[in-house]
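What follows is a single structure, written as structure tokens, with notes after it.
The values are calculated or read from the model by the stated rules, or taken from the named source; none is laboratory data. Since this is a predicted model, take the numbers as computed values, not measurements. Don't worry about glycine lacking a Cβ; one is built from the backbone with ideal geometry, like all the others, and counts go over all protein chains shown.
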There are 2 protein chains.
Amino acid sequence: MTDHLVRFDVASDPVKVPTGTLLSEAARLAGVEIGQPCGGQGRCGRCAVQITAGIARRRSTVRLSPVDVENGWALACQTVVEGDITVMVPPQEKIERRLTTDRTVADVTVPAGYSFSYVQTLRRVRLEFNPPSMDDQTDDWSRLQLALRQQAGLNQVDISLALLQKAGTILREGGWQVTAVLDVQESAESSGGLSGRLLNLLPGRVEDDVPLWGLAVDIGTTTVTVWLVDVTTGEVKAQASEYNGQIARGEDVVSRIIYAGKGDGLAEMRSLVLGTINELTQVTCKRAHAEPAEVYKAAIAGNSTMMHLLLGIPPASIRLSPFVTAVNQPPLLRANEVGLCINPEATVDSLPGVASYVGADISAGVLSSGVYETEKLTLFMDVGTNGEIVLGSREWLVTCACSAGPAFEGAGVADGMRATRGAIEEVWINGDTCEPTYRVIGGGRPRGLCGSGLISLLAEMLLTGVVDKAGNPHASRGTNRVREGAHGWEYVVAWGSETEHGKDISITRVDIDNLLRAKAAIYAGFTVLANSVGIPLDWVEQVLIGGSFGKYLNVEKAVHIGLLPDMPWERFQFLGNTSVRGAYYVLLDREARARLSDIASRMTYIELSADNSFYDAFTSALFLPHTDMSKFPTVEAALQR
Amino acid sequence: MTDHLVRFDVASDPVKVPTGTLLSEAARLAGVEIGQPCGGQGRCGRCAVQITAGIARRRSTVRLSPVDVENGWALACQTVVEGDITVMVPPQEKIERRLTTDRTVADVTVPAGYSFSYVQTLRRVRLEFNPPSMDDQTDDWSRLQLALRQQAGLNQVDISLALLQKAGTILREGGWQVTAVLDVQESAESSGGLSGRLLNLLPGRVEDDVPLWGLAVDIGTTTVTVWLVDVTTGEVKAQASEYNGQIARGEDVVSRIIYAGKGDGLAEMRSLVLGTINELTQVTCKRAHAEPAEVYKAAIAGNSTMMHLLLGIPPASIRLSPFVTAVNQPPLLRANEVGLCINPEATVDSLPGVASYVGADISAGVLSSGVYETEKLTLFMDVGTNGEIVLGSREWLVTCACSAGPAFEGAGVADGMRATRGAIEEVWINGDTCEPTYRVIGGGRPRGLCGSGLISLLAEMLLTGVVDKAGNPHASRGTNRVREGAHGWEYVVAWGSETEHGKDISITRVDIDNLLRAKAAIYAGFTVLANSVGIPLDWVEQVLIGGSFGKYLNVEKAVHIGLLPDMPWERFQFLGNTSVRGAYYVLLDREARARLSDIASRMTYIELSADNSFYDAFTSALFLPHTDMSKFPTVEAALQR
């Protein structure tokens, strides 16, 4: 047996170990602490280290990408020393960052992976006039229309009363030189001319000095996101997200609809979400040194209930059978009609939705994710407060909404919370001791469990045998983490001594049932959609995951509990907020807007509550991962390991 | 010499008089009082009586129509007894009514003398829907659009956010049966379909139960007039007039423009005129048992300043060289944008004007008076607070505005007042005694002189030699009516003992100068217009007089002072408020609206202040009636008599 020298960058001296020693054991001998939350089972990826010199054999590379491996990364618990090596142990927070599945598009500046001709409807046109004289007493508005026809090719121009009231003063202020801001459409008439709406007149300015800003907005039930876009370049100059101000009036859409139905509830809901959007507008404008009055267009996506509440349209029928919306494709409106604090004349495009529970956020997601133009059979899902699923490709699209309930948002779970500071977002359980390790958003003391934390926890409980496939406790595991609590059987994730509020954080039997129902609803949605078009689910070539949920979701664990279908890791792709990105495309491109309408009207909506096969698919999915284990071969293998 | 018996109906016994006796003398002998304000000179027509049996010779029939003469009417001072006759002496007030030139269209119910196809754009359409079901989850707005397409042939329908907010509730309230109120246009596309705007949805109503009201509005500088029209029949169901609420802020347009330019003046002016219109709307609706919310359309005419103030558009440039408006043809607006208290979705059509001082009231007048379609060379004039003139026919139209000033409205004249209760509206002066007789509006004691009273007075003063052609006093007339007052030479029309306020009512030399300038401006306008097209003024075949001024104007006396051209009485026609009538046509008829736009853009505007010949024409007209007496042959003849 040969000995080898293992040198850790964080230890002063190397250690000598025999061939075949695990790197994690070598670290222990060297006095180097490497976290192994999963108990050294090669599941959590938290013991990743970088071998900077020498060779070692990797038994497993779970959670490491081929690039990672090429760069020397290895899991300490799965790597065998077979020669002299030098090891770099990264600080813990660096690992966390590397492992986080958050691939938000926060750094998007120009659209990538999406081809569009970029036909912007906003225009700025410098106009010069012959001033009126005794020989030419043409009125101001006719003079303006003439200039727009001759100098900008606009056959027909609309103007609001408010702008008409100011036009004469502006023309004179600018010494008969102005820059006009217009929203231009191809004229319907065969003449091929343009028609449009005058949005602003700026006295004596040259075109390039007139900024044209646009807002892309996603109104999530939980979170509102705003991107501020320079529409002349397509650059996203600032973005910001904030809780939807309506949250205090109900966490899910149903409770918001109920609230909106009482007294002044609708007006209050409307003003709350407007408050949030307007605040975000202010924030982004400030960051980009823009004036809200220079924002001339807003494209807004959101689920159907959010769109109704934004526009002050009663959403009651969304909730009641036969579940119809008041409007799927709202007309174009002006900012001052909607209540947005941008230029009052700005065009507000409330993007088209499909049905009560498949809203504009989903059609925008289908646009921006490219499902509608791919040849691959694609499953697109957006699991936020609700779960919406689209199956299809460029040929056809079917969609449904799963009333997953808010369990994955942390609601309906005793110690549940939203994915915010203090939420446990990932959990590992040591297979031997049943002791958990967890990661907390923000890094401080935990306050509860968010959706991804719950999924992670449930998967670990299953893999370590704390619960069985039905979600029942394994009495045999015998650990003080498992106990009878106020609400029956529970597993303690964090003792009161570790938590922010001093109370234990547990998952109860009731919580597990809620989570089972939520994940079963979503998986049953996949099943019914696939059945509806007569296609086996495993024909799906890619799974695109949008929505804030996708930011934290650990796919492997989601497969373990049967929330996502059992497919190779590389078929899954996280796209972040596909809704705001769709709105962004619409903001920039007239063609994208036309495509979006096409998408919204082409998608076939399947009402699950009217589908006979849904209930069977749902009950079959009420197990971990599923009653039919043949659908989850990798989970079966992991369980046997 | 033969004697004849003259029998008066109001006397118990007949009188015997010789052949050749004047009927007025016979009346005196019989003890019958017949007023002769002009001193028996056959000018005033106030001694009209009806000969019911027998024959008499009429020396003159001034102010009697051929029909009157046929019916036996005769002037007592101009009629010679030549046989036994029976004479009916009408009560004084009956004569007054007959003589009043007020031919307002107060009794118009259906348009007369105007041919139009009556294509109404307002529609009410009963719609029936299949209610939504699990098999048909179409959203409400799409369902509504489909029904409008299938059941009303509308390819494209716009809806406001406010109506969209209510639509779903109304559809359900009506049990999926509603009547839709629409404003419909022919679609621009070649498809030949219709497009329109949804104005209202009424749950479960049958079409005939849904009233469709329209408002025709004329905003005069002094008076606002509203007609409430049942657009399904064309009937004017109620009408009302009221002083423009802006009067307290200035009597003429120039002072209003100045007021509007200061601080919140514009907003105040706007709200004042809106207050007047909304009050008149209430009044007319109440009379017709209509609800303001059932008024779906308003067509509004007014001079350019009034239109600007109504819409809150700064009118400043109207007043300053080169005198251009901010807008001649305002866009269609909604009632709630304009501030009218009718249905908030109602279409407000602010009618098109021509220039700063030839507004929509004139183009509407040209429409309703039929000038634009007659083959006769026509002079159309609307003398209210301003004087606008149109010359032309179906072939061409030229127009100008005379800054006549407000003298004819009673302003700028010491004892001037508006044509309201207490105003002296007609005056006769006895040629022998220089003693005046007058008629007062409302019949009570006089308070002042209105425009028609001033014209009448000036004409009488000229004919009786109280003043000469230059407006200077004839010292030789020697009467205590003529005296030196505080403002120089004056003629007393009413002694303080007769008046309401106990003070004398006079006309001063300064007043006469003001009146001369006002009438000269208007007559010069005629001259310049005729010159501009190279046509002698006496080729004019008809003179159509619109505006409130036309209600009281005594043509004969207006000719005497040289305000109107010297033409046979029958060429003059009084049309009353041609502006509101034009608005009324537009309200009923899409074709009329198209014609109005055509009229407004076809009229050639001549700016008098830029016209070299205007000043000459003006100074030539600063005489009574004119320096060139050959233009006024009948006046010359009257003066020689």
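The set of residues in the range B:257-273 that are of a type outside the set (Gly, Ala, Ser) and part of a helix (DSSP H, G or I) comprises B:Ile257, B:Ile258, B:Tyr259, B:Leu266, B:Glu268, B:Met269, B:Arg270, B:Leu272, B:Val273. Summed over the range B:303-316, residues that are part of a helix (DSSP H, G or I) and either among the β-branched types (Val, Ile, Thr) or without any contact (Cβ under 8 Å) to a residue 60 or more places away in the chain (or both) total 5. Within the range B:149-167, restricting attention to residues that are within 14 Å of chain A (Cβ to nearest Cβ) and not in a helix (DSSP H, G or I), the residue that is surrounded by the fewest Cβ atoms within 10 Å (Cβ to Cβ) is B:Asp158.
The rows are residues; the columns are (1) surrounded by 22 or more Cβ atoms within 10 Å (Cβ to Cβ); (2) within 19 Å of B:Leu397 (Cβ to Cβ); (3) touching an Asp or Glu at 6+ places or on another chain (Cβ under 8 Å).
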position: B:Gly502; (1), (2), (3): no, no, no
position: B:Leu516; (1), (2), (3): no, no, no
position: B:Val528; (1), (2), (3): yes, yes, yes
position: B:Val533; (1), (2), (3): no, yes, no
position: B:Leu537; (1), (2), (3): no, yes, no
position: B:Val543; (1), (2), (3): no, yes, no
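Sub-9 Å Cβ pairs linking a first residue in the range A:1-14 that is in contact (Cβ under 8 Å) with a residue 12 or more places away in the chain to a second residue that is surrounded by fewer than 17 Cβ atoms within 10 Å (Cβ to Cβ) and among the aliphatic types (A, V, I, L, M), at least 6 apart or interchain, are A:Val6/A:Leu29; A:Arg7/A:Ala53; A:Phe8/A:Met88; A:Asp9/A:Met88; A:Val10/A:Met88; A:Pro14/A:Leu5, ordered by first then second residue. Quick check on this structure: which one of A:Ile170, A:Ile247 is outside any strand (DSSP E or B) and within 28 Å of A:Val358 (Cα to Cα)? Going through A:Ile170, A:Ile247 in turn, the sole match is A:Ile247. The residues of the range A:9-55 that are assigned to a strand (DSSP E or B) and more than 27 Å from A:Ile429 (Cβ to Cβ), listed by number, are A:Val15, A:Lys16, A:Val17, A:Pro18, A:Ile51, A:Thr52, A:Ala53.
Here is a yes/no grid of residues against (1) under 22 Å from B:Pro568 (Cα atoms); (2) in contact with a helix residue (DSSP H, G or I) (Cβ under 6 Å, 6 or more places away or on another chain); (3) surrounded by fewer than 19 Cβ atoms within 10 Å (Cβ to Cβ):
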{"site": "B:Leu5", "(1), (2), (3)": "no, no, yes"}
{"site": "B:Phe8", "(1), (2), (3)": "no, yes, no"}
{"site": "B:Arg59", "(1), (2), (3)": "yes, yes, yes"}
{"site": "B:Arg63", "(1), (2), (3)": "yes, no, no"}
{"site": "B:Ala74", "(1), (2), (3)": "yes, no, no"}
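Scanning the range A:411-442 for residues that are within 20 Å of A:Gln36 (Cα to Cα) and of a type outside the set (S, T, N, Q) yields a count of 15. With respect to the conditions (1) without any contact (Cβ under 8 Å) to a residue 12 or more places away in the chain; (2) more than 42 Å from the chain's Cα centre (by Cα); (3) within 9 Å of chain B (Cβ to nearest Cβ), A:Leu146 falls short on a single one, namely (3).
Quick grid of which residues meet (1) part of a loop (DSSP other than H, G, I, E, B); (2) surrounded by fewer than 19 Cβ atoms within 10 Å (Cβ to Cβ); (3) more than 14 Å from every other protein chain (Cβ to nearest Cβ):
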| position | (1), (2), (3) |
| --- | --- |
| B:Glu251 | yes, no, yes |
| B:Gly275 | no, yes, yes |
| B:Val283 | no, yes, yes |
| B:Ala301 | no, no, yes |
| B:Ile318 | no, no, no |
| B:Val327 | yes, no, no |
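Of all residues in the range A:225-249, those that are buried (at least 20 other Cβ atoms within 10 Å of the Cβ) and within 18 Å of A:Gly410 (Cα to Cα) total 2.
Is it true that some residue in the range A:174-197 is within 14 Å of chain B (Cβ to nearest Cβ), in contact (Cβ under 8 Å) with a residue 40 or more places away in the chain, crowded, with 21+ Cβ neighbours inside 10 Å and among the aliphatic types (A, V, I, L, M)? For the range A:174-197, residues within 14 Å of chain B (Cβ to nearest Cβ), in contact (Cβ under 8 Å) with a residue 40 or more places away in the chain, crowded, with 21+ Cβ neighbours inside 10 Å and among the aliphatic types (A, V, I, L, M): absent. Before we move on, is B:Cys341 buried (at least 23 other Cβ atoms within 10 Å of the Cβ) and on the phi < 0 side of the Ramachandran plot? For B:Cys341, the condition - buried (at least 23 other Cβ atoms within 10 Å of the Cβ) and on the phi < 0 side of the Ramachandran plot - is not met. The set of residues in the range A:351-391 being in a strand (DSSP E or B) and not assigned by TED's automatic domain parsing to the domain that holds A:Leu544 consists of A:Ala355, A:Val358.
Once the range A:474-487 is narrowed to residues that are without any contact (Cβ under 8 Å) to a residue 40 or more places away in the chain and surrounded by 11 or more Cβ atoms within 10 Å (Cβ to Cβ), the residue that is farthest from A:Ser506 (Cα to Cα) is A:His474. In summary, helices (runs of 4 or more DSSP H) completely within the range A:503-578 and bearing 3 or more residues that are in contact (Cβ under 8 Å) with a residue 40 or more places away in the chain, polar (S, T, N, Q) and in the same structural domain as A:Leu449 (by TED's automatic domain parsing) occur at A:509-532. Among the residues making up the range A:600-631, those that are under 25 Å from A:Ser393 (Cβ atoms), more than 12 Å from chain B (Cβ to nearest Cβ), surrounded by 14 or more Cβ atoms within 10 Å (Cβ to Cβ) and not aliphatic (A, V, I, L, M) are A:Arg602, A:Phe614, A:Lys631. Taken across the range B:213-222, residues that are over 30 Å from B:Tyr357 (Cα atoms) and out of contact with any helix residue (DSSP H, G or I) (no Cβ under 7 Å at 6 or more places or on another chain) do not occur at all. Under the condition of being crowded, with 24+ Cβ neighbours inside 10 Å and at pLDDT 90 or above, the residues counted in the range B:565-584 number 7. Look at the range A:124-143 and say how many of its residues are within 9 Å of chain B (Cβ to nearest Cβ), surrounded by 18 or more Cβ atoms within 10 Å (Cβ to Cβ) and not in a loop (DSSP other than H, G, I, E, B). Total meeting the criteria: 3.
The set of residues from the range A:599-614 being of a type in the set (D, E, K, R) and either in a helix (DSSP H, G or I) or farther than 16 Å from A:Gly359 by Cα (or both) comprises A:Arg602, A:Asp611.
Of the strands (runs of 3 or more DSSP E) lying entirely inside the range A:403-501, those containing at least 3 residues that are in contact with a helix residue (DSSP H, G or I) (Cβ under 8 Å, 6 or more places away or on another chain) are A:423-429, A:436-440, A:488-494.
Considering the range B:344-372, and only residues there that are within 11 Å of another protein chain (Cβ to nearest Cβ) and among the β-branched types (Val, Ile, Thr), the residue that is surrounded by the most Cβ atoms within 10 Å (Cβ to Cβ) turns out to be B:Val354.
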